[in-house]
Amino acid sequence: CLTMCPFGLDHPINSSLTLYSLGSNKYNISNNQASQEIPLSGTDLASISALRTYYSLVSNVKLSLSNGGQVFQDVWLRRDPGARLYQKGNHGYQNIPRKERQSFLLIDGQPTTEVDFTTLHPCIFLNREGRECPKDMYSEVLKQLGIRKSKKRRAAIKNVILSALNMNTVHGIYTFTGQQESYQGNLKDHCKPIDIYNAIITLYPELKQYLGDGDNSDRLQAADSIIMIDILERLAKMGIVGLPLHDSVICKVPHKAIVEREMKAVYEAYMGFDIHVK
């Protein structure tokens, strides 16, 4: 039986937890070692023991920009109900423009890199239905449509799929897709919104029940944030600083391989399937 992880635990999350389901808005845990649930939402995460080692480590970390920009000294995170980990305030590392962050962000004076989960939210649903994660879902949909792959076209398909997981109706998927600039500029001349939807469910029929079924964002973010909390704490116990950014982890360049390994290991511990990271 699959159960959903709660918003917080009274100790670091570990692989003895059973897998979770997104079939309910009520999040429960099936873990014999868990005795008390402490919600992360609306609290100062530095006081939550699920991230005790992490906060001890990052309290001494210096964040800076190699181009001489503003120094972002403190790593203080918040977590709203059903949401991911967000940097407090308006001047945190998460608010640095992507290109600037990837080019100039330093941790203790050392260059950084970002490790991302690939197609995280679709994979959660596919795994729940017993199907493995695809290597590149967005490119596979383009191939099914007979459209030559490009970076912009792939991004447009990604936008359609992720949006479709949070639409209330299938018709809403068609309407929303047709209005999107990424669709109009990269896909409109090649296919209709309904063609994209049909290509998705042809390749991944397991997703049909989730597309246009309602707003799944809170449940998905609640799930992936639990995975992220576990990743951060595991890395901290190895002395490795990881900075959460949605479904990716920022780390020092020499630590990339270890971060990739731990991200995949934690995901598999929860979902029972491998996932691609990049």
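The values are calculated or read from the model by the stated rules, or taken from the named source; none is laboratory data. Small disclaimer: the values here were computed from a predicted structure and weren't measured. Backbone-built Cβ (ideal geometry, glycine too); neighbour counts: all protein chains shown. Keep in mind that these areas ignore ligands, DNA and RNA; they rest on the heavy atoms of the full protein, side chains included. Shrake-Rupley method; radii C 1.70, N 1.55, O 1.52, S 1.80 Å.
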Fill in the blank from the handout: Those residues of region 207-218 that are assigned to a helix (DSSP H, G or I) and open to solvent by 50 Å² or more (accessible area, probe 1.4 Å) come to a total of 1
Problem - Condition check for VAL249: under 20 Å from CYS133 (Cα atoms), touching a strand residue (DSSP E or B) at 6+ places or on another chain (Cβ under 6 Å) and part of a strand (DSSP E or B) - result: yes
Exercise for the section: Report whether or not ILE157 is open to solvent by less than 10 Å² (accessible area, probe 1.4 Å) and under 19 Å from the mean Cα position of the chain (by Cα). Expected result: yes
Completion exercise
Conditions (1) open to solvent by 40 Å² or more (accessible area, probe 1.4 Å); (2) more than 20 Å from LEU126 (Cα to Cα); (3) touching a Pro at 6+ places or on another chain (Cβ under 9 Å) -> ASP195 fails only (3)
Exercise for the section: Determine which member of the set LYS188, LYS135 is open to solvent by 60 Å² or more (accessible area, probe 1.4 Å) and at pLDDT 95 or above. Expected result: LYS188
Practice task
List the number of the failed condition for GLN221; all other conditions in (1) polar (S, T, N, Q); (2) open to solvent by 60 Å² or more (accessible area, probe 1.4 Å); (3) part of a helix (DSSP H, G or I) hold.
Solution key: (2)
